[in-house]
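Working notes, beginning with the structure itself.
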Amino acid sequence: MDKINICSNALMIIGDNPINSFTDSGAGAMAANQLYDSAYETMLASHRWTFAHAKVQLSKLAQSPLNTWQNAFQIPTNQKLIMIFGVYPDAPYDIIQDTIYSNREEVAIDYIFKPDESKLPGTFITALQLQLASLFAVFITDDNTLSSMYAEQAVSALEMAKSIDSQSRTVQPIRSAPFIAVR
């Protein structure tokens, strides 16, 4: 599955013709070209997807920061980084553009990247297609009711995709004993 197939399926969901490329003539190709990347990246940022999760030890930059921090580290640039959700060791830091500033000598991160569409699980693709269908419906058919219907279906499909994806991780128990703590 690639981005053209994903967009074509979304267009067919709303009753439009499939496309062969983003440069095809017609409103469908134009909508797909304008809306696909932002819809895909927004969905990636909505959850800590296991298929788009990476960990990396960052390279310390030779030049020292000017002000508050003692060290600067280069954030990966080889993949489309969507969101950083963990910086280790646990210590204060700032992220400015493509650099993490910290007083630590070593820094590692967990992050979400933008994987190739061929690596996406079916549940995520279904949710993305429905989300695109809701966006395309307004752009192509000017039908807000149709758009709302597909938006609701996209929310349900996204929740299912998140639930299934979350089963790939060990559940961390909540360690709370409020009744013992008040003794």
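Just so it is clear, none of the values below were taken in a lab; they were calculated from the coordinates. Source: prediction; values computed, not measured. Positions of Cβ are backbone-derived with ideal geometry, glycine not excepted, and every protein chain shown enters the neighbour counts.
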**Message:** Could you work out how much longer the chain between ALA91 and THR42 gets when fully extended? Use 0.36 nm per residue separation minus the Cα distance between them, nm to one decimal.
**Reply:** 14.9 nm
**Prompt:** Which of the peptides 62-70, 125-133, 36-44 is most tightly packed, and how do the rest follow, judged by the mean count of other Cβ atoms within 10 Å per residue?
**Reply:** 125-133, 36-44, 62-70
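Give me D for the stretch 37-183 in µm² s⁻¹, whole number, from Stokes-Einstein with Rh from the Kirkwood sum over alpha-carbon pairs, 37 °C and 0.692 mPa s.
In µm²/s, the coefficient rounds to 181.
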**Request:** Please list, in chain and number order, the residues 5+ apart from ILE19 or on another chain whose amide H is under 5 Å from its amide H, with Hs placed from the backbone.
**Result:** SER8
**Message:** Give the lysines reachable from LYS3 as a straight Cα distance under 21 Å; neighbours fewer than 8 places away on the same chain don't count.
**Reply:** LYS80, LYS114, LYS119, LYS162
**Computed P(r) (all Cα pairs; the stretch 95-171; 10 Å bins; percent)** = 16, 30, 24, 21, 8, 1
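Show that you can apply the helix-only estimate: for the chain, add -39,500 (n - 2.57) for every DSSP H stretch of four or more residues, divide by all residues, and state [θ] at 222 nm to the nearest 500. Please list the in-between numbers first.
Numbers: 5 runs with 71 residues, N = 183.
It lands at -12500 deg cm²/dmol.
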**Message:** If you average the alpha carbon positions of the stretch 58-102 and of the stretch 6-31, how far apart do those two centres end up, in angstrom?
**Reply:** 40 Å
**Message:** Explain nothing, just the number: relative contact order of the chain, from Cα pairs under 8 Å at least 6 residues apart, as a whole percent.
**Reply:** 23 percent
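Exposure proxy check: GLU105, GLU159 ranked by fewest other beta carbons within 10 Å?
Details: GLU105 9, GLU159 12.
Least to most surrounded, the residues fall as GLU105, GLU159.
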**Fill in**
SER176 and PHE139 label points (each 7 Å along its Cα→Cβ direction) are spaced in nm at 4.2 nm
**Message:** Can you compute 3J(HN,Hα) from phi for each residue in the stretch 86-103, using the Karplus curve 6.51 cos²θ - 1.76 cosθ + 1.60 with θ = phi - 60°, rounded to whole Hz and x for Gly and Pro?
**Reply:** x, 10, 10, x, 5, 7, x, 7, 10, 10, 10, 6, 9, 9, 9, 9, 7, 8
**Asked** What residues have an amide H closer than 5 Å to that of ILE82, excluding those fewer than 5 places away on the same chain, when H is modeled at 1.01 Å from N in the peptide plane?
**Response** ILE112, PHE113, LYS114
**Message:** Using only the alpha-carbon atoms, how far is helix 3-13 inclined from the longest principal axis of the chain? Give it as 0 to 90 degrees, nearest 10.
**Reply:** 50 degrees
